[in-house]
1. Just one of (1) modelled with pLDDT under 95; (2) assigned to a loop (DSSP other than H, G, I, E, B); (3) under 21 Å from the mean Cα position of the chain (by Cα); (4) farther than 20 Å from VAL313 by Cβ trips up GLY403, so point out which.
2. Give me the residue from the stretch 119-155 that is within 28 Å of the chain's Cα centre (by Cα) and surrounded by fewer than 12 Cβ atoms within 10 Å (Cβ to Cβ) and, out of that set, farthest from HIS21 (Cα to Cα).
3. With a cut-off of at least 1 residues that are in contact (Cβ under 8 Å) with a residue 12 or more places away in the chain, under 17 Å from GLU104 (Cα atoms) and not assigned by TED's automatic domain parsing to the domain that holds ALA353, name the helices (runs of 4 or more DSSP H) lying wholly within the stretch 22-82.
4. Here are PRO235, PRO172: which of them is in a loop (DSSP other than H, G, I, E, B), at negative phi and within 24 Å of the chain's Cα centre (by Cα)?
5. Pairs please, first residue from the stretch 395-406 and closer than 25 Å to GLU449 by Cα, second anywhere and at pLDDT 95 or above and of a type in the set (Val, Ile, Thr), Cβ atoms under 6 Å, 6+ apart in sequence or on different chains.
6. Quick check: is even one residue across the stretch 199-222 touching a His at 6+ places or on another chain (Cβ under 6 Å) and buried (at least 23 other Cβ atoms within 10 Å of the Cβ)?
7. Report whether or not ALA366 is within 24 Å of GLU460 (Cα to Cα), in contact with an Asp or Glu (Cβ under 8 Å, 6 or more places away or on another chain) and at pLDDT below 95.
Amino acid sequence: MAQFISVFDMLKIGVGPSSSHTLGPWRAAQEWIQVLKASQLFNQVSTVKVDLYGSLSLTGKGHATDLAVLLGLSGTDPEFIPVDEIQSIIDEINQQHILRFNFEKNIVFSFEDVRFNRDFLPFHSNGLTFRAFDENNNEISTETYYSIGGGFVIQETIEKDSDIEITKQNFPFPINRAVELEKYCEIHQKNISDIVFENELVLKPAEEINTELERIWNTMLECMYIGCHTQGTLPGGLNVKRRAFATHEKLIKGANYNNQQEWISAIRNTEVKFREILKWVSCFALSVNEVNASLGRVVTAPTNGSAGVIPAVLMYYLVIENHEANFEHIKKFLLVAGEIGSIFKKNATISAAMGGCQAEIGVSSAMAAAALTELLGGTPSQCLVAAEIAMEHHLGLTCDPIGGLVQIPCIERNAMGAIKAINAAELAIETDPKESKVPLDKVIDTMWETAKDMNRNYKETSEGGLAVSVKLADC
């Protein structure tokens, strides 16, 4: 059996601030409700309790994990819920101590029913257990889930990932390792995006693939637009001032525009000196992650914490490198990025709770570097070199969010990851892949070994690094 991970698994639309600590628990709650219904237990439920374990507990408050669980139990969907309704739903539960369970029935509930446990469950650092009780307080259901990064969720009692597993014969190009992808491209004289698109056609018709990719890009663009036009301070207690707005004001120089497409045209007419380019790329990345930190809608790429890298690099291509770029360029970029991310997930991890920030910013930078290289005319082999360079220079990057919030140093790291991706692409374009000493697969293996060797305190626990050196009181 060959594990197939779709581009749409790697690029999911959801709500911030974290794919593993917000989106994953939200999805787990939704899945548990379906289990209750399949077992004909849903109507018997009178109360529920939720236990968060490990990293979900240690940084859960900062990542709004408890709120995400409540929203999932309420029956809302992170992809479609109007984000301005989130607070009112939470306030209603808090004030009335009633949960509208899946929008179908009222059950008694209080915030204390979501419990934070510092213990780590054996399978993964991000564990959570749902318990349901009937009117006589008899426990009628207990299910444990693990949020394994990027919004992926697995159920403890089901020994399979939520990824789609289909036999190799069902896909024209079954891929687990980068070397296999490179071989297919060489044999069939295709670009990486062509190979990925043909695999995706097994699951969706071309029109649907294009529609969904366009929706993903529009969500990314809207996120950047909102972030660049929103002032204020980020929630959570660190009092972090939004920076994208002020940077954008200086860069756009009073240009007039009325919508996102006119905004792109306005940016294309601005200065393109090296310093301005650096500032624009950083601005795009910061804008996305400021929206993410505010429980806004973003696209996991491959996670919420690293959501700013890919849109920033793609926007760089659209407004700096190629003013004639169209949806076909955007499509190729997202297809390549998604495939590179899937290879990392299959052979290592995209979860900071398992691998540190190298598994998030490092992977997103590698995804963006490979995708940009194809758009710049690089060969498939050069795309893989770009991904290798980007990850090589993120190896060992720890995850140490201050206060458990996806703000410091997370937001700035997206800007750095985007700049590194562009640099990696330029280096790869000038590289003969035959002379490259380090293949992408070896870097992925090294990243995974580094992750396993990394002290647990530096894996999204807020018990090491900056999270210890800098306290909330210092801010």
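The values are calculated or read from the model by the stated rules, or taken from the named source; none is laboratory data. Since we're looking at a predicted model, the values are computed, not measured. All Cβ positions, even for glycine, are placed from backbone atoms using ideal geometry, and neighbour counts span all protein chains on display.
1. (2)
2. PRO122
3. 24-38, 65-73
4. The match here is PRO235.
5. Correct list of pairs: LEU395/THR450; GLY396/THR450.
6. Of all residues in the stretch 199-222, those touching a His at 6+ places or on another chain (Cβ under 6 Å) come to none.
No, the conditions are met nowhere in the stretch 199-222.
7. Details: within 24 Å of GLU460 (Cα to Cα): yes; in contact with an Asp or Glu (Cβ under 8 Å, 6 or more places away or on another chain): yes; at pLDDT below 95: no.
No; evaluated as a whole, the condition is false for this residue.
Every residue, every condition in (1) part of a helix (DSSP H, G or I); (2) among the hydroxyl-bearing types (Ser, Thr, Tyr); (3) in contact with a His (Cβ under 9 Å, 6 or more places away or on another chain), yes or no:
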site: THR303; (1), (2), (3): no, yes, no
site: ALA307; (1), (2), (3): no, no, no
site: LEU314; (1), (2), (3): yes, no, yes
site: TYR317; (1), (2), (3): yes, yes, yes
site: HIS323; (1), (2), (3): no, no, no
site: SER342; (1), (2), (3): yes, yes, no
site: LYS346; (1), (2), (3): yes, no, no
site: GLN358; (1), (2), (3): yes, no, yes
site: ALA370; (1), (2), (3): yes, no, no
